[in-house]
Amino acid sequence: MSVKVSFLSLGISWILRVGVTLSLALESAGVLLYCIQTGNQSLDLSAAWQFKGGNFFDFATSTVRAIGGSLSPLNIMSLGVMILMLTPYVRVIAGVIYYGVQKDWKYVGITLFVLAVITTGLVVL
């Protein structure tokens with residue numbers, strides 16, 4: 001196995017670890033900040049907590065715009081959800097690159113199919 005392939009393989013495994021860990025950290029920070037700001041230990045399920053936008057990409061765009069405006073607890077938690085949902089998507093894209101470097105066209109095709117299914121799911125969400 002070449003150094004390039006080994007590096008890509010290691011990178012793919014780290015994508016999942018970093019994505020889930022970062023998401024957990026953001027969710028925890030958001031909940032902690034919410035509890036500190038409101039003095040309340042329970043979350044209300046008002047309309048403010050619902051996803052905004054018609055699909056995931058609309059949600060992601062509105063989340064990034066909101067983060068640019070303020071770092072409210074809700075925005076931090078939304079960013080955590082966004083990262084958690086993007087983690088497998090990025091992992092599949094890395095898989096396409098990995099199999100392409102290995103010139104394993106069968107798995108490139110399979111992984112591209114999985115990418116299409118995930119993309120469809122995120123658009124229809």
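If the condition is being over 12 Å from GLY19 (Cβ atoms), of a type in the set (Ser, Thr, Tyr) and either touching a helix residue (DSSP H, G or I) at 6+ places or on another chain (Cβ under 8 Å) or surrounded by 15 or more Cβ atoms within 10 Å (Cβ to Cβ) (or both), then segment 77-125 contributes SER78, TYR98, TYR99, TYR107, THR111, THR119.
Matching residues to (1) within 29 Å of LEU33 (Cβ to Cβ); (2) of a type in the set (Lys, Arg); (3) within 19 Å of the chain's Cα centre (by Cα); (4) modelled with pLDDT under 85:
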position	(1), (2), (3), (4)
TRP49	yes, no, yes, yes
LEU84	yes, no, yes, no
VAL92	no, no, yes, no
GLN102	no, no, no, no
LYS106	no, yes, no, no
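Under 9 Å between Cβ atoms, at least 6 apart or on separate chains: pull out the pairs that start in segment 1-28 with a residue that is of a type in the set (Val, Ile, Thr) and end on any residue that is at pLDDT 95 or above and outside any helix (DSSP H, G or I). Qualifying pairs under 9 Å: none.
The values are calculated or read from the model by the stated rules, or taken from the named source; none is laboratory data. Values in this document were obtained by computation on a predicted structure and should not be read as measured data. Quick reminder, even Gly has a Cβ in these numbers, built from the backbone with ideal geometry, and neighbours come from all protein chains shown.
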